[in-house]
Structure formats: structure tokens, C-alpha cells
Amino acid sequence: MHGVTTTTKELGGSRVRVEVEVPAAALERELVGAAGEIGREMKVPGFRQGKIPSQVVVQQVGRGAVLEEAVRRGMPSWYDEAVQGAGIATVGTPKVELADMPEKGASLAFSFEVGVRPGAVLGEYKGVEASRREAVVAEEEIQAELDRLRESLASLETVDRKASIGSFVVIDFDGSIDGEPFHGGEARGFPYELGSGQLIPGFDEGLAGARAGDEREVKAAFPEDYPSKELAGQDAVFAVSVKEVKEKRLPELDDDLAIEAGGFDSLKELRAEIELRLREAQCEQIEQDFREAAVDAVAAEASIEIPRELVHEKAHEMWQLTARRLKGQGLDPATYLKVTDTTEEDLVKESEPDAERALRRESALSAVIEAEGIEVSDEDMLDALREASAQPNTPEASEKALRRSLKKARDAGTDGPLREDIAMRKAVDLIVRNAKAIPVEQAKAREELWTPEKEKPEASKELWTPGSD
């Protein structure tokens, strides 16, 4: 840890201003690191590239330029440490103000204003009632799974008839634009399902009624948003040779299907297995829904004031998390917005009800943690790290590595978010253990009943409904 010191001032409206001082020693360490980074790209007579001492870099570039880079590098960790030191749960993006750059040997001062999670005055939180539905697997769900299974085991058989929507054709094609061939415009032995939309508009119409051996000229148009800018919006002509027409053949719904699907002895046994899997999935979802309903019931019993601006900031924060997740999956957030035909601001506005619900839940759970004195041990932390490392597509870590990671996070002061997450889960577990499950119909009937006490929370209750304004 850098040893930053903080002074916090309440601004009202769930906002605070935090004054931060970074010790001169911590600033100097960051300056040395920044000088080393800059020095890797420099060429100075008498020194090998990448081996230039930090003091030489400062002399060559100037202390001011190196200091600016040091502050840019160090600010994220200083901010995180200041947040943890101030004991605040931030909401939204902070507004940071940096004081004048200090002289050598002096500390660095900066401040930030940010929204914070509002406090909650708890009502009843042990013994709240929450709706819990029963697991019911409908015959239609089982049949839908069987239909998907048959589709996955379907075969393609060559037929001597005209192709129609749903038919598969095996084709060779050569495309041209204004009589000139273009890159990627040809294929041999290409399997295509009519009506699938796998190829650009024009192919379905151009190949309808085709037989094996037919030669067709297909006129097609590349969409305006086609990935290749050279082809987007262009009209093309494809010389198509139809090699085969095939039809999908679904296996019969019988004992043979059960055997092929996974070694079941009979269709009855396969259906029973499908029903069991569907029921297990339902039970998992029911448990999750019940946990959320119980927390929402505690939040409804609590007194929590949430400014509208804070809700908007939380919604922005949620979008930023989604954008980072999209990037992690290799998707550009801007492309996602374009494909979904929406804007960032529209998406933020639509998610405000979910943002308010999240704030209410977090505030209520934080109050339960305080009321119950819930603590998180290092063993709790290790269990969470073990669980995370056991997830699919996650590199397996040894016990020694996990303990080393925990120590490193604790020493750096970055273990706070994980500790709070675990504490929140413990609070949810406590609420759920003491909650009383009631049928969904009973819960709905109670919501529809009018009582004088419902007058006050009516407005906030609507804000919890997804899609409401």
C-alpha cells in the first residue's frame, strides 16, 4: 500500500468529496517507474537502449513530463486505496481534481467527488415472506427437448426433386460485380439451406425450384452494413451450378432414438432423463428467484432514500461493466449498440429500474452486514478464490498460488471488493435461512391488496419494475 491519507466530506444527496494526499515517497517510486518506462524508448549516447537510469531520463525529458506520466500511472491505485481508506462504497464515475504538481520531496494532493451507496434503516429482515414457485415440467417442454434432439441427429439425404424452403442444395458459384470477379465471391461444394439467410439476399429466390444439374444466374445484393466495405451496398451476379438437392430426415421418436442419443434403453427412459434435467434446472432458477425475492422483501421493509441522479449514475456503471464484458468476449460495444439498434443513453435509461433495484438491494444488505456484525475471514476469501479457479475456462491455480494471491491483494489493499462481495453473500444466506416461502399466487394477491401503508412506497415500487420509467 502507498499509505495515502484521506479526509471525507459529506455533500448530501449520497455524494461525498474526498481529499487525498499521496506521500512523497510513494510519488517518487511511481516517478522512477515512469522514467523507466519512458527510458525504454529513448536513445542516449553512452547508454544501452532500455538501460538508461531514471535520473538521466528526468534530466533529458524534464521532471514535469515524467511526473505527469507518473501521476497518470499511479492515479488508479491511489484512487482505489483512497476509496478503501475512506470506507465508502462508490457509485458511478468520480470527478477528480488534481492540485498543482509538487516539487521534489513534497506530497501530491488530489480530490474527487463521487456518488456513494445510500444508507438504509432496516425494518424486518428476519422472517420476511417471499414467493417461491413449485417446479413443474410441462409435457410441451419435454417434447421441445426431444424435437431439438431429433434435429441434432438428423441426416441429409439426396432427393430427385425441386428445392424449396428448408431444402439443402450443394452448389458451386462464381460471383461478379459489373462483370468483374471479386475476392471471396466463389465456392465449390457449398452446402446451403434455402431460407436460412446464410447467404446474402437473392440466393433464396434465385435457387427456389432448382434441381440437381441446373445452372442458375442469381442476382443478389450485399447489405449496406456488410462487413466488407468494398462490397457493402453492391449488386452482384452469381453463376450457380446446382450439384445436389438434399432433404433433412429426422429420426423416428422411438427406442432407437433413445439408444442413439446416449445409450438409453428406451424412449421412456430418455424422457425421464430429460424431465429430470429440466426439473433440476428449474429448481436452480427457483432458488435464485427466491433469494432475490427475499432480499427485495428486506429492501422493501427498509427506509432507503435514493436520489434520481444516483440511479442514473448506477445505470451508467452497469453499462460500463457490460461494455467491459463484451470486450472480454471479443465484441466491440459500439457494434453491439448498432446491432441492437439503440444508443448508450437509451440503454442506460432503460436499465434505470434495474439500477435502482440494485442500489436498494446493496444498501439493505450492507445494513444487514452491519447489524449482524458479519465478518469475512481469510479462509472465506480462499474458498471464494478456489471456487473461481474451479470455473470452466479458468486456469487452475495451486493452493500455494491462491494464498500468495490473497496475501498480495491484502498487502496492496485491493482485497476490499472481494471481502464485501463475500459479506453480501453471507447476508443473503442469513436472510434466506430465515425467510418464509409463500406461494406465488398468495404473493400476487397481497400485492394487489390496498393498505394505507402502501401509499408511501407506491412510487418507488413502480421503479423496481423492469422497463418502467
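I'd like to know how region 32-73 sits against the 2.2 N^0.38 Å rule of thumb: what's its Cα Rg over that expected value? Before the final figure, lay out the partial values.
On the way: Rg = 9.4 Å, N = 42, 2.2 N^0.38 = 9.1 Å.
Working it through for region 32-73, the quotient is 1.03.
R0 = 25 Å: FRET efficiency of THR394 with GLU345, Cβ-based, nearest 0.05? Please report the intermediate quantities before stating the final value.
Details: r = 35 Å, r/R0 = 1.38.
The pair THR394/GLU345 has a calculated efficiency of 0.15.
Find the relative contact order for the chain and round it to a whole percent, using C-alpha pairs within less than 8 Å whose residues are 6+ positions apart. Don't jump to the answer; show the numbers that get you there.
Details: 683 pairs, mean separation 81.2, N = 469.
17 percent.
Kindly list the residues of region 73-105 that lie in the label zone of LEU321, defined by a backbone N under 15 Å from the point 7 Å along the Cα-to-C-beta vector.
Once the point is set 7 Å along Cα→Cβ of LEU321, 89-93 turn out to lie under 15 Å by backbone N, inside region 73-105.
Using alpha-carbon positions, what is the distance between the centroids of region 1-53 and region 395-417, in Å?
23
Please state the relative contact order of region 5-116 as a whole percent: Cα pairs under 8 Å, 6+ residues apart?
Values: 161 pairs, mean separation 41.8, N = 112.
Once normalised by length, the contact order is 37 percent.
Using a 7 Å offset from Cα along Cα-Cβ at GLU28, what residues in region 41-83 end up with backbone N under 20 Å from the label point?
Correct set: 53-75, 78.
So, in Å, what gap is there between the alpha-carbon centers of region 222-275 and region 310-343?
Cα centres, region 222-275 to region 310-343: 32 Å.
What whole-number distance in Å separates the alpha-carbon centres of region 183-199 and region 131-146?
38
How would you order 140-153, 362-375 from highest to lowest mean count of nearby Cβ atoms within 10 Å?
Values: 140-153: 13.7, 362-375: 18.3.
Going from most to least packed, we get 362-375, 140-153.
Can you tally the net charge around PRO251? Count Lys and Arg as +1, Asp and Glu as -1, for every other residue whose Cβ sits under 9 Å from the Cβ of PRO251.
Details: positive: ARG150, ARG249; negative: GLU252, ASP254, ASP256, GLU260.
Overall, the nearby charge balance is -2.
Rounded to the nearest 5, what % of the DSSP beta bridges within the chain are antiparallel ones?
On the way: 50 of 53 bridges.
Of all bridge pairs located within the chain, approximately 95 percent are antiparallel.
Return, ordered by residue number, the residues of region 130-172 whose backbone nitrogen is under 15 Å from a label point located 7 Å along Cα→Cβ of LEU250.
140-156, 166-167
Which value in deg cm²/dmol, rounded to the nearest 500, describes the helix-derived mean residue ellipticity at 222 nm for the chain, given -39,500 (n - 2.57) per DSSP H run of n ≥ 4 and division by the residue count? Mind dumping the intermediate values first?
Details: 16 runs with 226 residues, N = 469.
Taking each H run of at least 4 residues, the total per residue is -15500 deg cm²/dmol.
Counting pairs of Cα atoms in region 268-463, how many percent are more than 27 Å apart?
Numbers: 9771 of 19110 pairs.
Across region 268-463, Cα pairs with separations above 27 Å total 51 percent.
Based on alpha-carbon atoms only, what is the radius of gyration of region 31-101 relative to the globular estimate 2.2 N^0.38 Å? Intermediate values should be presented prior to the final figure.
Numbers: Rg = 16.0 Å, N = 71, 2.2 N^0.38 = 11.1 Å.
Its radius of gyration relative to the 2.2 N^0.38 Å reference: 1.44.
Please compute the Cα-Cα pair-distance distribution of the chain with 20 Å bins starting at 0, giving whole percents from short to long.
15, 35, 33, 17, 0
Quick check: pseudo-label points 7 Å beyond the Cα along Cα→Cβ at LYS444 and GLN329, how many nm apart are they?
With each label placed 7 Å out from Cα toward Cβ, I get 3.1 nm.
What trypsin sites (Lys or Arg not before Pro) does region 272-380 have in DSSP loop regions with at most 14 other beta carbons within 10 Å? Mind showing how you got there, number by number?
Numbers: sites: ARG277, ARG279, ARG291, ARG308, LYS314, ARG324, ARG325, LYS327, LYS338, LYS349, ARG357, ARG360, ARG361; in loops: none.
The qualifying sites: there are none.
How large are Rg and Dmax for region 155-249 when only the alpha carbon atoms are used, in Å?
For region 155-249, the Cα radius of gyration and maximum Cα-Cα distance read 13.3, 40 Å.
Coordinate-derived values only; no laboratory data. As the structure is a computational prediction, the values presented were derived from the model and not from experiment. For neighbour counting, all protein chains shown are included, and Cβ atoms are generated from backbone atoms with ideal geometry for every residue, glycine included.
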